1. Tell me what the chain gives for mean residue ellipticity at 222 nm when only DSSP H runs of n ≥ 4 count, each as -39,500 (n - 2.57), the sum divided by the residue total, rounded to 500 deg cm²/dmol.
2. What order do you get for 186, 137, 120 when you list them from fewest to most C-beta neighbours inside 10 Å?
3. When only Cα pairs under 8 Å and 6 or more residues apart are kept, what is the percent relative contact order across the chain?
4. Counting DSSP beta bridges in the chain, what percent are antiparallel, to the nearest 5?
5. Could you go through segment 70-80 in sequence order and give the Karplus-derived ³J(HN,Hα) for each residue, using 6.51 cos²θ - 1.76 cosθ + 1.60 with θ = phi - 60°, rounded to whole Hz, and x for Gly and Pro?
6. How would 122, 9 line up from fewest to most surrounding beta-carbon atoms within 10 angstrom?
7. Note the listed values (i) 21.7; (ii) 22.2; (iii) 20.6, then indicate which one is Kirkwood radius over Cα pairs in Å calculated from this particular structure.
8. From the Cα gyration tensor of segment 56-162, with a ≥ b ≥ c the square roots of its eigenvalues, which class applies: rounded if a/c is under 1.5, or else prolate if a/b is larger than b/c, or else oblate?
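Readers should treat all values here as calculations from the given coordinates under stated rules, not as data from a laboratory. Here the structure is a predicted model, which means the values were calculated and not measured. Every residue, glycine among them, receives a Cβ derived from its backbone with ideal geometry; neighbour counts consider all protein chains shown.
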Amino acid sequence: MNFNTYRYFNEVAETRSIRRAADRLHVAPSAISRQLALLEHQLGTLLLERSNTGIQLTPAGLLLERYTRTMFRDLERVQDSIRTLKGLRQGEVKLWAIEGLIFSFLPRAINKFNDVYPAIRFSVFTESTDRIIEAMIKDEADIGIVFNARPRPNIEIVASHTEPVMCLVASDHPFVDRKSLSLSEICTQQIALPVPSFGLRQLFDKAVSRRNLSANTIVSANNLELTRAMAITGRAITVGPALAASKEIDEGTLKAIPIDEEEFAAATSAICVHRDRRLSYAAHEFLKMLVKEFPSAGRAAA
């Protein structure tokens, strides 16, 4: 089968649209449709189901999608290695990370790496811990930085450090002068929390359930900046690593107060990769530097 046939299928599987795939590949939609029909004929099964809402993959299509995604990512890694052998030092690192690292640790790490390898590009996405793990399983990410993630058999933790979860309150909140807070005291307040796909929210919900408490959650958001903004207003409080609120803490709009519960003090941030997937040269070199620098991730919030 023609190599382009698999590329066409891979683009359609990714975009869920023949027209969008054609635009990305700079070919006619009819050319893609013909190649997909030939591929389905050769395999003896339908790969795509077309409807008014778009294209969905059949079970056979999902199997082939996993194969082609891995095949083309492996090809990118081979091309990267060949460029490295030629001394070009080009490549791309696909990094998915929790939001708290974006404004402090990651810019420092990327700048330091860029001093040595100026031609290497970065694609950085901020997501919840569950989504980051999913991205690594789907081979969308080379490296993930997660918070308090539960173990997965195909995900390897290569570095971690303790990142205590704190209660974040406004500078004029009644709690602002407290040295520590219990979870029961936190639950007496209105609280803004991330959505349940965040490792932080999972940690909080488990702790509340374990103590038979009930949290008055007035906002659930997929963006930690919004939960911090709610806390700044004084109408609600929130929880999170001090690292995630280092800017607000430095400005004096939020105060981080330790939570007097063991699981909050023992929460961890971690760098992880897919256990069975070989990294490109660029990602491998950046991973080595990340592991070395990771213990300094929380210094800005200290």
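1. -13500 deg cm²/dmol
2. Lowest to highest Cβ neighbour count: 137, 120, 186.
3. 22 percent
4. The antiparallel proportion sits near 55 percent.
5. My calculation for segment 70-80 gives 5, 4, 6, 5, 5, 5, 4, 5, 5, 4, 5 Hz in order.
6. Result, fewest neighbours first: 122, 9.
7. Label of the calculated value: (i).
8. It comes out oblate by the Cα gyration axes.
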